[in-house]
1. Let me confirm something: among 89, 127, 141, 187, which residue is more than 21 Å from residue 258 (Cα to Cα) and either within 14 Å of the ligand (Cβ to nearest atom) or not small (Gly, Ala, Ser) (or both)?
2. Within the stretch 198-238, work out how many residues are outside any helix (DSSP H, G or I), under 21 Å from the mean Cα position of the chain (by Cα) and free of Cβ contacts under 8 Å to residues at least 24 places away in the same chain.
3. Could you please let me know if residue 229 is away from the ligand (no atom under 16 Å from the Cβ) and at pLDDT 95 or above?
4. Quick check on my filter: what residues within the stretch 18-39 are of a type in the set (Val, Ile, Thr) and touching a residue at least 12 places away in the same chain (Cβ under 8 Å)?
5. Does the stretch 182-197 include one or more residues that are of a type in the set (Asp, Glu), part of a loop (DSSP other than H, G, I, E, B), within 24 Å of residue 255 (Cα to Cα) and out of contact with any Pro (no Cβ under 6 Å at 6 or more places or on another chain)?
6. Please specify each residue of the stretch 272-302 satisfying the condition of being within 16 Å of the ligand (Cβ to nearest atom), among the hydrophobic types (A, V, I, L, M, F, W, C) and touching a residue at least 60 places away in the same chain (Cβ under 8 Å).
7. Taking the criterion of being over 19 Å from residue 82 (Cα atoms), within 16 Å of the ligand (Cβ to nearest atom), loosely packed, with under 13 Cβ neighbours inside 10 Å and not aromatic (Phe, Trp, Tyr), would at least one residue in the stretch 95-117 satisfy it?
8. Only strands (runs of 3 or more DSSP E) wholly contained in the stretch 70-174 count here; list those with 1 or more residues that are in contact (Cβ under 8 Å) with a residue 24 or more places away in the chain and basic (Lys, Arg).
Amino acid sequence: MQAQVVVIGSLNMDLVARAPRLPRAGETLAGESFVTLPGGKGANQAVAAARLGARVAMVGCIGDDAHGQQLRDGLLAEGIECSALTRIERCSSGTALIVVDDSSQNAIVIVAGANAELSPQRVSDCEGLLEAAQVVICQLEVPTETVAHALERGRALGKTVILNPAPASEALPAHWYPWIDYLIPNESEAALLSGLPVDSLESALAAAEHLRKAGAAKVILTLGARGALFVDADGHRHFPAPSVRAVDTTAAGDTFVGAFAAALSRGCSEARAIRFGQSAAALSVTRAGAQPSIPYLAEVEASEMGSDA
Ligand code: RIB
């Protein structure tokens, strides 16, 4: 199997508590439920692309603990190629501590664990996967130098390079931008990367334009319930979001990115891939958890029937 989509990124075990609201500093809150679920932005995007019709390979690191085995088994069960998933001895797997409140918002603390061991060399070791693929996807939960190497190799090999700059904590290095075909931030990431406020469609457009002028070929700024804004050298277009009742927004952005990449790899137009990503993400927010919330192709197609998506 040659993967069409290669995801280079993180795998986390998500420890998820539901609480009426997010705790304040120093506060102890009584939660309502607790579950342990597979997650991590990289793995979530790989699962989304696989469930939504692409052949996918995952490049990443897991610990030598029970969580690592569960994370690998979960990807294998989705048909994801895991030959470039490395088990790191005497290391814990990535962990995310997540609180989801009654209004479906979340707060997340991640501990990198084995994700910190994904070196540029490990990406070089599986360059054959990149050569055979159409689309390369990166996020920011693995070492910065590894993301830079993956973007640079993806560009050099002529692949469609997607960067989901999440989680963003500082501006991207300027020399990264020309390596990126699609930069896909959310509102807070776009604000941080551009240094501009993002609190309306107008300000989102200004931030997206700023990031495109920095050198990314195309920017898709995801705006949650307000839809998505696409910007390229020819102009911009707003894509309204399907209206749904959200219960948990965890992994909505990951679902969009994976679905968008899967649609591109299946030959869909850019506009169609964006709408498909929005349909998939809309379904994901109606369900709890990261990977358990990601829909399958038939579900997304059924949800789109009757709409003009
Ligand atoms: O984007 C959602 C993901 O962020 C969670 O699955 C968690 O692992 C964190 O990485």
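The values are calculated or read from the model by the stated rules, or taken from the named source; none is laboratory data. Being a predicted model, the structure only gives us computed values, none of them experimental. Quick reminder, even Gly has a Cβ in these numbers, built from the backbone with ideal geometry, and neighbours come from all protein chains shown.
1. Values: 127 fails: more than 21 Å from residue 258 (Cα to Cα); 141 fails: more than 21 Å from residue 258 (Cα to Cα); 187 fails: more than 21 Å from residue 258 (Cα to Cα).
Result: 89 is the single residue among 89, 127, 141, 187 that is more than 21 Å from residue 258 (Cα to Cα) and either within 14 Å of the ligand (Cβ to nearest atom) or not small (Gly, Ala, Ser) (or both).
2. So the count comes out to 2.
3. Working: away from the ligand (no atom under 16 Å from the Cβ): yes; at pLDDT 95 or above: yes.
Here the answer is yes, as residue 229 does meet what is asked.
4. If we filter the stretch 18-39 for residues that are of a type in the set (Val, Ile, Thr), which is where we start, we get 28, 35-36.
35, 36 - these are the residues of the stretch 18-39 that are of a type in the set (Val, Ile, Thr) and touching a residue at least 12 places away in the same chain (Cβ under 8 Å).
5. Filtering the stretch 182-197 for residues of a type in the set (Asp, Glu) gives 187, 189.
Those still in the list that are part of a loop (DSSP other than H, G, I, E, B) too: none.
Checked against the condition, which is being of a type in the set (Asp, Glu), part of a loop (DSSP other than H, G, I, E, B), within 24 Å of residue 255 (Cα to Cα) and out of contact with any Pro (no Cβ under 6 Å at 6 or more places or on another chain), the stretch 182-197 yields no hits at all.
6. 280, 285, 288, 290, 294
7. So in the stretch 95-117, the residues over 19 Å from residue 82 (Cα atoms) come out as 95-112.
Right, trim to within 16 Å of the ligand (Cβ to nearest atom) and you get 95-101, 104-112.
When the remaining residues are screened for being loosely packed, with under 13 Cβ neighbours inside 10 Å, the result is 107, 109.
Filter once more, so that each one left must be not aromatic (Phe, Trp, Tyr): 107, 109.
Taking every residue of the stretch 95-117 in turn, at least one turns out to be over 19 Å from residue 82 (Cα atoms), within 16 Å of the ligand (Cβ to nearest atom), loosely packed, with under 13 Cβ neighbours inside 10 Å and not aromatic (Phe, Trp, Tyr).
8. Working: elements: 85-88, 94-100, 106-111, 135-138, 160-163.
Counting at least 1 such residues, we get 85-88.
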